[in-house]
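Input: a single structure, listed below in structure tokens.
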Amino acid sequence: MKAWRDKRVFLTGHTGFKGAWLSIWLESLGAKVTGYALKPPTKPSLFGICRLDRRINSVIGDVRDGARLKRAMKAARPDIVIHMAAQALVRESYKTPADTYATNVIGTVNLLEAVRACPTVRAVVNVTTDKCYENKEHLLGYREGEPLGGYDPYSSSKACSELVTAAYRNSFFNPADYKKHGVALASARAGNVIGGGDWAADRLVPDLIRAGLRGEKARIRNPRAIRPWQHVLEPLSGYLLLAEQLYTYGVKYAQAWNFGPDAGDAKDVEWIVRRMFAAWPEAPGYVIDKGRHPHEAHYLKLNSDKARRELGWAPRWHIGGAIDRIISWTRAYAARKDMRLVCLEQIKDYTAI
């Protein structure tokens with residue numbers, strides 16, 4: 001990944017879990033990163049404990065503020081834009097649907113309007129989710145060309161973000177006019193991302209980690225729900241590879257892409273919980289919360305054959321290894337180690353394969 005040295009990268013959502021991991025990775029590759037996001041959404045946060053505000057240019061701002069976003073991007077003069085800022089929680093979207101749509105849909109519009117006003121940009125990756133597909137609860141993995149949808153406001157808003165991306169690609173960044181505008185625009189859809197440093201509310205692995213560190217039993221819901229689990233470094237490697245190809249080869253890769261785990265890593269919730277506590281026997285364990293909960297998809301799986309075939313991307317860590325690394329990260333955090341160095345060591349292990 002030598003291609004990233006001295007590249008100017010504008011990354012929205014850099015204070016979140018995935019954004020902080022990507023900031024660490026990009027900075028280690030020699031990229032000049034400008035992050036744009038709200039303040040870290042949790043305390044603690046990976047962004048905070050790794051003191052990333054001292055290592056990258058961090059701009060605190062809201063993607064719903066189009067004028068501020070446009071000014072920040074023009075000041076950064078990026079070569080590459082990666083859009084990760086989002087309201088990213090299904091259960092929160094039931095509580096704040098209007099804010100969810102404003103952030104995930106209008107935020108995408110604002111981001112792409114800022115790109116239109118910034119002549120230095122050559123490549124854009126809009127990160128959405130596996131939940132953007134119309135979920136039919138079938139056993140086959142969803143392919144990029146299948147219908148978009150979404151039962152809940154979060155999933156629906158991300159499908160809308162995909163539609164916005166496609167409309168801007170057709171209307172303003174059309175591949176047929178690439179020599180005029182010079183921008184290659186793609187979207188990326190990943191699975192259920194897990195890893196050390198995630199403290200989000202109402203997410204399985206953070207809930208397990210919080211309870212274990214407090215010495216309490218974790219409460220889990222929907223134990224039979226199946227998801228395409230993957231370590232955070234898996235989709236991030238896909239985003240980096242896709243952005244490189246967009247920057248280098250342009251519109252050939254200006255499409256939608258899935259970055260999901262191997263089929264065998266689609267596991268139900270209780271399998272993940274049991275495997276987590278097998279690797280972390282000192283934690284107290286779990287109980288199943290039998291209360292009523294908002295609707296969530298029962299079965300969800302991605303087909304990433306296109307990324308394997310056309311980008312040469314493939315997952316490197318199976319789910320068991322991903323869980324072992326989360327527990328290792330958590331033990332290091334509990335021991336008050338330098339967590340940026342711990343993250344860099346995991347990135348080194350991942351890229352060495």
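Evaluate the stretch 247-255: report whether one residue or more is surrounded by fewer than 23 Cβ atoms within 10 Å (Cβ to Cβ), more than 30 Å from VAL81 (Cβ to Cβ) and out of contact with any Lys or Arg (no Cβ under 9 Å at 6 or more places or on another chain). So far as the stretch 247-255 goes, no, none of its residues is surrounded by fewer than 23 Cβ atoms within 10 Å (Cβ to Cβ), more than 30 Å from VAL81 (Cβ to Cβ) and out of contact with any Lys or Arg (no Cβ under 9 Å at 6 or more places or on another chain).
So which residues in the stretch 1-17 are part of a helix (DSSP H, G or I) and surrounded by fewer than 24 Cβ atoms within 10 Å (Cβ to Cβ), if there are any at all? Within the stretch 1-17, LYS2, ALA3, TRP4 qualify.
Among the candidates GLY35, GLY66, GLY48, which residue alone is at pLDDT 95 or above, in contact with a strand residue (DSSP E or B) (Cβ under 7 Å, 6 or more places away or on another chain) and more than 15 Å from ASP79 (Cβ to Cβ)?
Result of the check over GLY35, GLY66, GLY48: GLY35.
Each residue in the stretch 212-237 was checked for being part of a helix (DSSP H, G or I) and of a type outside the set (Lys, Arg), and 7 pass. Go through TYR101, TYR94, TYR133 for me and flag whichever is surrounded by fewer than 18 Cβ atoms within 10 Å (Cβ to Cβ) and within 22 Å of ARG203 (Cβ to Cβ). Among TYR101, TYR94, TYR133, only TYR94 is surrounded by fewer than 18 Cβ atoms within 10 Å (Cβ to Cβ) and within 22 Å of ARG203 (Cβ to Cβ). The residue of the stretch 293-305 that is surrounded by the fewest Cβ atoms within 10 Å (Cβ to Cβ), among those that are modelled with pLDDT of 90 or more and assigned to a loop (DSSP other than H, G, I, E, B), is ASN303.
Residues of the stretch 157-192 that are free of Cβ contacts under 8 Å to residues at least 24 places away in the same chain and in contact with a Phe, Trp or Tyr (Cβ under 9 Å, 6 or more places away or on another chain): HIS181 alone.
If the requirement is being within 25 Å of LYS95 (Cβ to Cβ) and polar (S, T, N, Q), which of these qualifies: ASN135, ASN170?
Working: ASN170 fails: within 25 Å of LYS95 (Cβ to Cβ).
So the residue among ASN135, ASN170 that is within 25 Å of LYS95 (Cβ to Cβ) and polar (S, T, N, Q) is ASN135.
I'd like the residue in the stretch 74-91 that is small (Gly, Ala, Ser) and under 11 Å from TYR36 (Cα atoms) and, out of all such residues, is surrounded by the most Cβ atoms within 10 Å (Cβ to Cβ). Result: ALA85.
Selection within the stretch 332-346: residues that are surrounded by fewer than 18 Cβ atoms within 10 Å (Cβ to Cβ) and in contact (Cβ under 8 Å) with a residue 24 or more places away in the chain. The member of this set that is farthest from LEU233 (Cα to Cα) is ALA334. Within the stretch 100-121, is even one residue within 25 Å of ASP262 (Cα to Cα), of a type in the set (D, E, K, R) and not in a loop (DSSP other than H, G, I, E, B)? Checked against the condition, which is being within 25 Å of ASP262 (Cα to Cα), of a type in the set (D, E, K, R) and not in a loop (DSSP other than H, G, I, E, B), the stretch 100-121 yields no hits at all. The residues in the stretch 270-292 that are of a type in the set (Ser, Thr, Tyr) and outside any strand (DSSP E or B) can be counted, and the count is 0.
Considering the stretch 302-316, the residues that are touching a helix residue (DSSP H, G or I) at 6+ places or on another chain (Cβ under 7 Å) and in contact (Cβ under 8 Å) with a residue 24 or more places away in the chain include one that is farthest from PRO228 (Cα to Cα), namely LEU311. In the condition set (1) within 30 Å of PRO119 (Cα to Cα); (2) touching a Leu at 6+ places or on another chain (Cβ under 9 Å), TYR178 is compliant with all but (2). Every condition in (1) hydrophobic (A, V, I, L, M, F, W, C); (2) outside any loop (DSSP other than H, G, I, E, B); (3) within 26 Å of GLY264 (Cβ to Cβ) holds for CYS160 except the one numbered (3). Just one of (1) in contact with a helix residue (DSSP H, G or I) (Cβ under 7 Å, 6 or more places away or on another chain); (2) in a loop (DSSP other than H, G, I, E, B); (3) crowded, with 24+ Cβ neighbours inside 10 Å fails for PRO40. It is (3). Just name the residue that is surrounded by the most Cβ atoms within 10 Å (Cβ to Cβ) out of those in the stretch 51-73 that are assigned to a loop (DSSP other than H, G, I, E, B) and touching a Leu at 6+ places or on another chain (Cβ under 9 Å). Out of the qualifying residues, it is VAL63. Hey, among the residues in the stretch 184-209 that are of a type in the set (Val, Ile, Thr) and not in a helix (DSSP H, G or I), which one's farthest from the chain's Cα centre (by Cα)? Restricting to residues being of a type in the set (Val, Ile, Thr) and not in a helix (DSSP H, G or I), the top hit is ILE194.
Within this structure, LEU241 passes the test of being outside any strand (DSSP E or B), under 15 Å from the mean Cα position of the chain (by Cα) and either at pLDDT 95 or above or crowded, with 18+ Cβ neighbours inside 10 Å (or both).
The set of residues from the stretch 136-174 being surrounded by fewer than 20 Cβ atoms within 10 Å (Cβ to Cβ), more than 19 Å from the chain's Cα centre (by Cα) and charged (D, E, K, R) comprises LYS136, GLU137, GLU146.
The values are calculated or read from the model by the stated rules, or taken from the named source; none is laboratory data. Since the structure is predicted, the reported quantities are computational estimates derived from the model, not experimental observations. Reconstructed Cβ throughout: ideal geometry from the backbone, glycine too, with neighbour counts over all protein chains shown.
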